[in-house]
Amino acid sequence: VHRNPGEPEFHQAVREVLESLAPVVSRRPELADAAVLERLVEPERQIIFRVPWIDDDGKVRVNRGYRVEYNSALGPYKGGLRFHRSVYRGIVKFLGFEQVFKNALTGLAIGGGKGGSDFDPHGKSDNEVMRFCQSFMTELYRHIGEQTDVPAGDIGVGGREIGYLFGQYRRITNRYETGVLTGKGIGWGGSQARTEATGFGTVMFTERMLATKKVSIDGQRVVVSGAGNVAIYAIQKAQALGAHVVAFSDSSGYVVDEDGVDVALLREVKEQARGRAGDYADRRGSARFVTGGSIWDVPCTVALPCATQNELDADAARTLIKNGVVAVAEGANMPCTPEAVDLLQESSVLFGPGKAANAGGVATSALEMQQNAARDHWTFPVTENKLQAVMDNIHDACAATADEHGQPGNYVLGANIVGFNRVADAMLAQGVI
Ligand code: NDP
């Protein structure tokens, strides 16, 4: 804590992983000898830079940019960029730390990193977003590369932003290096199913957890928080598998739609019009928009937090348990507080931690990198089948490891141990660097 002051999210993420690792560390003394844990909590490189840009009124604005290149033992740094006013070093470090284990869990050759800026895209014009992205990339380009560090999207960074970032990278470097960013458009190096991958993967993971209890997702009553990239495609996949999705949210409030969320309308409001949750309710008779209170008050059997960190606390967990929740899977990164996770696990609710449950996004980014390297394009079904296989493997590896350690059904323990062992083995083999 004294080396990383004022970074509570980073402390929270590290504590959660280290708590799971006690049984591994006691079995493997070579880890302590090589100071693997001490090295793992220290990012390999942290870059902080000024991002000046000019708004539509001609006024100069200044934001702060970050890229934390956390760990490259398994492959080039890989992880998204977040543009949100709450971004500061502690958030980027927590996300980078989580990313290292998540990427290891996928079994693909990717290290972990994360970046972003305190730039808030809400209410900015397309031109302002473009000028910001161009300025951001004017510094970032020297740190990234297809063999070095491969950023992608996250909160506030979707297809539009990746396009502007890629355009500026190409212009500065005079290289059409598609493998430098993922989440690109289909016509210029992007992968089928990447947009859908995180949300789809979260639901695939949930389905597999439920199957261990001989329960189907078909017919479950589902609440999904958020209304962004992850949430929209989690809703779509859950519905495709027969679930009844009754609520979603954004930072302005939540919407309850007892007829089932209309994904086409939600996409129109969010992806095209860049509107608010209330705009959906205005256009749909069966929906009501609620401000204040918590989306987790809406009764459900499956809860998928897909918005942001620490959005589901102990009170929300108690409400969910009281209402008969069977499974909770984290589409977002660290959306459940540690107290909420403890309560859910104590009540035998199936709990899928983000590292495992939302790894489908980065896994499909790695598939995008494979296609870029081979100058190939796979179809949607081919890519989705590969995603399904990755999610099933992650689930089964976590479950088997939890069993092995005498804690069946503890996916937190399983995910942390599987991810850690893969990274630690590579670090041990590569010496003290
Ligand atoms: P988006 O920006 O597309 O959507 C984020 C959604 O969450 C928006 O509806 C936003 O509402 C809402 N939200 C954000 N912050 C808050 C807040 N403080 N309170 C309430 N609502 C909030 O981001 P993504 O869908 O890409 O990311 C969501 C989560 O999933 C993040 O935790 C991210 O790290 C994680 N994730 C994303 C992956 C990806 O592939 N995109 C991969 C793995 C994890 P509003 O617009 O009103 O701010």
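Throughout, read-outs are computed from the coordinates displayed, never taken from laboratory work. For clarity, every value in this text was computed on a predicted model and none was experimentally measured. Every residue, glycine among them, receives a Cβ derived from its backbone with ideal geometry; neighbour counts consider all protein chains shown.
Below, the figures for the structure above:
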| read-out | value |
| --- | --- |
| Point-charge dipole on Cβ atoms (K/R +1, D/E -1) for the chain, about Cα centre, debye to 20 | 900 |
| Gain on full stretching of the segment that runs from residue 388 to residue 432 - 0.36 nm per residue minus C-alpha separation | 12.2 nm |
| Relative contact order for region 249-349, counting Cα pairs under 8 Å that sit 6 or more residues apart, in percent | 24 |
| Whole-Å distance, taken between Cα centres, linking region 210-258 and region 358-433 | 24 |
| Fewest-first ranking of 182, 202, 212, 383, using other Cβ atoms within 10 Å as the exposure measure | 212, 383, 182, 202 |
| Set of lysines with alpha-carbon distance to residue 124 below 25 Å, sequence-local pairs under 8 removed | 59, 114, 184, 270 |
| Beta bridges per DSSP with both ends in region 196-352, % antiparallel, nearest 5 | 40 |
| Charge dipole of the chain about the Cα centre (unit charges at C-beta), most positive-ward option of 277, 321, 62 | 62 |
| Tensor-based shape of region 287-377 (alpha-carbon gyration tensor, a/c under 1.5 rounded, otherwise prolate or oblate) | prolate |
| Rounded, prolate or oblate (a/c below 1.5 giving rounded, otherwise prolate when a/b exceeds b/c) for region 196-352 by Cα gyration tensor | prolate |
| For region 8-177, size of Cβ-based charge dipole, Lys and Arg +1, Asp and Glu -1, in debye | 240 |
| Relative compactness, region 326-433, computed as alpha-carbon Rg over 2.2 N^0.38 Å | 1.24 |
| Sequence-separation-based contact order of the chain, relative, with Cα cut under 8 Å and 6+ spacing, percent | 16 |
| Virtual spin-label span in nm between residue 39 and residue 400, 7 Å along Cα→Cβ | 2.7 |
| Trypsin sites (Lys or Arg not before Pro) restricted to region 146-184 and DSSP loop, no more than 13 other C-beta within 10 Å | 175 |
| Cα→Cβ-extended label distance, 7 Å offset, between residue 251 and residue 173, nm | 3.1 |
| Antiparallel DSSP beta bridges within the chain, percent to nearest 5 | 55 |
| Sites residue 322 and residue 288 - FRET efficiency at Förster radius 25 Å, r taken between beta-carbons, to 0.05 | 0.70 |
| Translational diffusion of the chain, µm² s⁻¹ [Kirkwood Rh, Cα pairs; Stokes-Einstein; 25 °C; 0.890 mPa s] | 113 |
| Residue order, fewest to most surrounding Cβ atoms within 10 angstrom, among 59, 386 | 59, 386 |
